[in-house]
Each structure stands twice: as structure tokens, then as C-alpha cells.
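Enquirer: Structure in C-alpha cells, see below.
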Ligand code: AHM
Ligand code: MG
């Protein structure tokens, strides 16, 4: 049940007046992302009935198999964000190159980078899914944009968040003024404030990782996973393993209850799996704003120099003390 029946639009107008460009611009951007969430929730609910499960038979720029729902989610983001007069460029996990919108008098100042369907291996088995977004601003009003304009450090984000498609649909975001969660009310079609000013416990009791990769990890990472299983009253170990295969769902659990998610670097793949610009950066900012920490294992995610649109990065994210402990192990200090 919502703590207050405040709609997303009303909440922003009351609480986010300092957003660059003004609260009405933020309302426009987040309402449009919320609308994407409504369309996607609708598609996901009926996917098995509409024959839109399974793959398209193609691979994306990451070399990963594209699911029909990946494509539908990407098209939905692109179609709806193009209609928002504030957006000038779009980049997605599913598109090799960004879309730079045609320059016109109405061209906006905001660039949206997104993972349209996170955890897409979950599509065929009716498990949780998400979408992740990061919003940065064009640096000069008269800029003629190119791909490099979208490749920006996490500290430059002006808004970031995710949609979670679980038992209910949620929109969670930050603009640097805390983290707020809204639940889609299926009756009214409104996103209503259900989680105001989320704060994370300094330590949790769960860890989320694909431990099937254990043999691929460096020694320090392996030691951290061994440590998590050792009985210790003071730190509440052993931790419980909770891994859904959907980063958004796993981070959401940790955001609300504490703990740690890891997709670490591997011996043969030190850059890890997840993408910096539209997976790690937005979630890192959300988690930091809730009092947590997000790291590569050796440095803060938000300080990582962005060099390429589809750059990968190891991601260790969650409660402050848990991430600090993981860093100590990964850096060989434990
Ligand atoms: P995706 O955006 O292609 O779905 O990939 C990201 C997903 C995360 O949601 C999840 O935590 C991870 O990849 C799962 O990877 P693995 O199957 O290697 O455990
Ligand atoms: Mg993803």
C-alpha cells in the first residue's frame, strides 16, 4: 500500500524543483519512461499468449542472443522517448550506435542511455525483469552531437533509475536528492509513491552472484565468496544466496534489505560482463544515494573513465560495509 497517494508527477513538482531544466522537464522525462514501463508490463504479462517469447535468431552488438522481447522493449523505448521534445539522443544495449535526433528548434538537452530489458534470460520462464536508464545533458546548447557526447562519467548523470517488472511494476529513480520508488497502480494507471527516501542498511544478510563462475575468478574474489559462507555471529554470516539472473531485481532486493551483488571481473575477462553506461552507472548512483556503495573492486564505479558506449565493467554493489569488505578481499588486503 502506498505510504501517500502521491503520483509521480505531483511528487516531482513538490520535491524536485532544483532539477536542471526544472521540475516540469523531469516530469516529462520520467513520465515518458513510466509510460514505457506500462507498455512493457502489458507485453510481459501477455508474452506467452502473444507468441513473443524466445529469440529473434540474431545477436546484438555484445554478441548476445536477442530475445523477441529485447527487441520489443528497445523499440518501445526509442518510439516513446523520440516523442519527448526534451530528448536529443538515445543509446541502448541493443543498438550498436546511438540515435541522434534531428536538430530542430525543439530539440532538447537530454540524452537517455538505457538497457531496455535487463535479465532477458528470465523472459521465457516468467521471472522478474527490469529496464535501466541513465540521463545526461548535452554539454553546449549548440552542440552537433556524436557518439562520444554520450560517453560520459557516472558523476555527470542528472537522473538515473530503473523499472522493475515483478509482482508489481515499479519505477525507482534518483536525481541526486535521495532515491524514491513508485508502484504502478493497475487500477488508476498512476505511479504512486510507495517507497520514499529509500535508505539501505550498512550491512545485509544476502549475496547475489553467479557462483557457477567461481573457477574463473581471481583468488581474492574466491576468498570473499568463501568468507561469506563462514559462520560468524558478529557479521551475521553465513549470508544467504539470492540470485535471480536479473540485475535490477537483485539490486532492488538489496536496496530495500541490504546485502551485496557481484558480477566481478574474471581471470580471462577482467572487464566483467555488465555495461558501464547503462547498467553500472545508473544503479551505482541509485545505491550511493541510498547510502550504499558501488565499486569495480578497486575503484568507485561513478569515477570510472568512460571510453566507449558499450564498455564493460566489474560491478560490486550494495550495502556500504559489505562492499568495503569485498574490496578488501579483492585487493588482497584480507
Ligand atoms: P542482459 O542485460 O543481457 O540481460 O545481461 C545482464 C544480466 C543481469 O541482469 C544479470 O545479473 C546477469 O546479466 C546475469 O548473467 P549470468 O547469466 O552470467 O549470471
Ligand atoms: Mg542488462
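Throughout, read-outs are computed from the coordinates displayed, never taken from laboratory work. In this text, all values refer to a predicted model and were calculated from it rather than measured experimentally. Neighbour counts run over all protein chains shown; Cβ positions are idealised from the backbone, glycine included.
Enquirer: Work out, step by step, the length gained on full extension between residue 103 and residue 223: first 0.36 nm times the residue separation, then minus their alpha carbon distance; give nm to one decimal.
Expert: Once the chain is fully extended between residue 103 and residue 223, it gains 37.9 nm.
Enquirer: Based on other C-beta atoms within 10 Å, arrange 227, 207 from fewest to most.
Expert: Least to most surrounded, the residues fall as 227, 207.
Enquirer: From Cα pairs below 8 angstrom and at least 6 apart in sequence, can you work out the relative contact order of region 38-143, rounded to a whole percent?
Expert: Once normalised by length, the contact order is 21 percent.
Enquirer: Based on other C-beta atoms within 10 Å, arrange 24, 295, 188 from fewest to most.
Expert: Listing 24, 295, 188 from fewest to most nearby Cβ atoms yields 188, 24, 295.
Enquirer: Would you compute, from DSSP H runs of 4+ residues alone, the mean residue ellipticity of the chain at 222 nm, taking -39500 (n - 2.57) per run and dividing by the full residue count, rounded to the nearest 500?
Expert: After summing the helix terms and dividing by residue count, I get -9000 deg cm²/dmol.
Enquirer: Find how much the distance from residue 267 to residue 61 grows on full extension, using 0.36 nm per residue of separation minus their present alpha carbon separation; answer in nm with one decimal.
Expert: 71.9 nm
Enquirer: Shifting gears a bit: Against the longest alpha carbon principal axis of the chain, how many degrees, from 0 to 90 and to the nearest 10, is the axis of helix 68-82 turned?
Expert: Between helix and principal axis, roughly 50 degrees.
Enquirer: How much length is gained if the chain between residue 125 and residue 196 is pulled fully straight, taking 0.36 nm per residue apart and subtracting their Cα-Cα distance, in nm to one decimal?
Expert: In short, 22.4 nm is gained.
Enquirer: Ok, one more. Going by Cα centres, region 221-253 and region 56-81 are how many Å apart?
Expert: Going from one Cα centre to the other spans 31 Å.
Enquirer: Hey, what angle do you get for helix 320-330 against the long axis of the chain, alpha-carbon based, 0 to 90 degrees rounded to 10?
Expert: So the inclination is approximately 60 degrees.
Enquirer: Only Cα pairs under 8 Å and at least 6 apart count here; give the relative contact order of region 123-165 as a rounded whole percent.
Expert: Here the relative contact order equals 60 percent.
Enquirer: If you build a Gaussian network model of the chain, linking Cα atoms that sit under 10 Å apart, which residue out of 139, 289, 311 swings the most?
Expert: 139
Enquirer: Let me ask something additional. How far apart, in nanometres, would the label points at residue 167 and residue 331 be if each is projected 7 angstrom from Cα along the Cα-to-Cβ direction?
Expert: 4.0
Enquirer: Taking only Cα atoms and a 10 Å spring cutoff, compute GNM fluctuations for the chain and point out the largest among 167, 209, 47.
Expert: Top of the fluctuation ranking is 167.
Enquirer: Using 1/(1 + (r/R0)^6) with R0 = 30 angstrom and r between the beta carbons of residue 240 and residue 52, what's the FRET efficiency to the nearest 0.05?
Expert: After rounding, the FRET efficiency stands at 0.30.
Enquirer: For the chain, what relative contact order do you get, as a whole percent, if you take Cα pairs closer than 8 Å and at least 6 residues apart?
Expert: Rounded, it is 16 percent for the chain.
Enquirer: Let me ask something additional. Extending each Cα 7 Å along its Cβ direction at residue 185 and residue 299, get the distance between those two points in nm, one decimal.
Expert: Inter-label distance under the simple model: 4.6 nm.
Enquirer: Counting other C-beta atoms within 10 Å, which of 38, 231, 67 has the fewest, and how do the rest follow?
Expert: On the way: 38 18, 231 8, 67 23.
So the ranking, lowest neighbour count to highest, is 231, 38, 67.
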